[in-house]
Amino acid sequence: MSDRKIPEKSVIAAEVLSNEKIAGGIIKMTVAAPQFAEEAQPGQFCNLYPAADRLILPRPVSICDAEKESGTLTFVYAVVGAGTEEFSKLKSGQSLRVSSPLGKGFRMPSGTGQKAVLIGGGVGTAPMLFLAKELKKRNIHCTAVTGFRREPFLSQELKAAGARVITTTDLPSPDYFLGTVVDCMEINEISGDCYFACGPRPMLAAVFDYVQKRGQDVQVSLEERMGCGYGACVGCVCDIREKDKDGREQIQRRKVCKDGPVFMGSEVIWS
Ligand SMILES: Cc1cc2nc3c(=O)[nH]c(=O)nc-3n(C[C@H](O)[C@H](O)[C@H](O)COP(=O)(O)OP(=O)(O)OC[C@H]3O[C@@H](n4cnc5c(N)ncnc54)[C@H](O)[C@@H]3O)c2cc1C
Ligand code: FES
């Protein structure tokens, strides 16, 4: 860990180094942000700020990769609206306002030699790459189960990070499993010592159901709609199940941007 202290929610004008389409409507963007790359943890996100005045709110995007050596952060985003449309037009050499890494990321397993299962749905696969790289450094073996409606992405990068990768899609293909990530995990009897998931909420709920039946839990990254992204509004509040000091269960209102976005599946109120 660096001894340089980054003020919480500091924002820099980062140089865009590349911003390329990697699948239909999906862009991979790398920016120069050496201090943030040093501090970033898997499961954290950055606020990306559109330049257009009418787009007031920042857009939260997960850190897909952070390389200390090159001082870069990489994001993978779907073009879904005005903000991401604006980002998709950025050329190398232009700048983008990027916040310091935000939120609480994935908790790393303490032991080594364990088996981890990483489950990503669509752009929820993005944070799994940074996570797989960090787990590999800890000698933890990763199986990544990634699900896409159509064209998969990040499979090669996950393999290069040492993960065994199983890809599912909604379209029949000889190369991929046809069905949901949970169907795939059931049929292939995929299990591990620890589980991490990011993707659409119904997928996260199904993954929690899968691991719960095995008496296990899963760290889930929730991608709620957000306002400020750093705890100053209540745009992202959700109910979280917690135990008090006497072990009694209680429901607390928690800010996904600050207290999360990663929670245990058993803490989330799914229905
Ligand atoms: C912690 C976190 C991490 C995220 N990481 C990524 C990522 O790595 N890659 C990525 O592509 N996206 C990610 N998102 C979602 C991303 O923030 C939104 O897609 C983006 O803000 C949309 O901005 P826009 O201006 O293009 O679209 P808008 O005009 O704001 O919205 C366009 C459409 O997208 C939907 N939408 C917007 N935000 C969300 C959201 N949070 N969840 C579900 N639907 C949404 C809207 O309902 C609307 O239908 C993340 C969100 C959070 C909260
Ligand atoms: S988005 Fe403002 S408090 Fe979470």
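Values quoted throughout were computed directly from the atomic coordinates according to the rules given, and no laboratory measurement underlies them. None of these values were measured; they are calculated from a predicted model. Every residue, glycine among them, receives a Cβ derived from its backbone with ideal geometry; neighbour counts consider all protein chains shown.
Taken about its Cα centre, the stretch 11-99 carries a charge dipole of about 300 debye when Lys and Arg each add +1 at the Cβ and Asp and Glu each add -1 at the Cβ.
Taking the Cα centre of the chain as origin and assigning +1 to Lys and Arg Cβ atoms and -1 to Asp and Glu Cβ atoms, the resulting dipole is close to 340 debye.
Under the rule that an exposed site lies in a DSSP loop and has at most 12 other Cβ atoms within 10 Å, name the longest stretch of the chain with no GluC sites (Glu not before Pro) of that kind, not counting the sites themselves. Answer from the scan: 70-188.
Sites listed here are chymotrypsin sites (Phe, Trp or Tyr not before Pro) in the stretch 41-143 whose DSSP assignment is loop and whose Cβ has at most 16 other Cβ atoms within 10 Å, and the list is empty. Checking the cross-link pairs Lys137/Lys159; Lys9/Lys258; Lys28/Lys159; Lys91/Lys258; Lys68/Lys136; Lys21/Lys89 against a 20 Å limit on the alpha carbon distance flags Lys91/Lys258 as lying beyond it. What the Cα convex hull of the chain gives, in volume per residue, is 143 Å³.
With helices as the sole contributors, the chain gives -5500 deg cm²/dmol at 222 nm; each DSSP H run of n ≥ 4 counts as -39500 (n - 2.57), and the sum is divided by every residue. The stretch 69-95 and the stretch 223-271 have Cα centres lying 28 Å from one another. Extending 7 Å from the Cα toward the beta-carbon at both Val80 and Ile22 defines two label points whose distance is 1.7 nm. Karplus-based coupling profile of the stretch 201-214, in residue order and whole Hz: 4, x, 5, 4, 5, 5, 5, 4, 4, 4, 6, 4, 4, 9, with θ = phi - 60° in 6.51 cos²θ - 1.76 cosθ + 1.60 and x standing for Gly or Pro. Quarter the surface of the alpha carbon convex hull of the stretch 11-99 and you get the mean projected area, 5.3 square nanometres. Which Cα, out of Pro127, Thr146, Met203, lies furthest along the positive dipole direction of the stretch 106-220 (beta carbon charges, K/R +1, D/E -1)? It is Pro127, whose Cα lies furthest towards the positive end. Working value for the stretch 106-220: equivalent-ellipsoid semi-axes of 20, 16, 12 Å, each the square root of 5 times a Cα gyration tensor eigenvalue, largest first.
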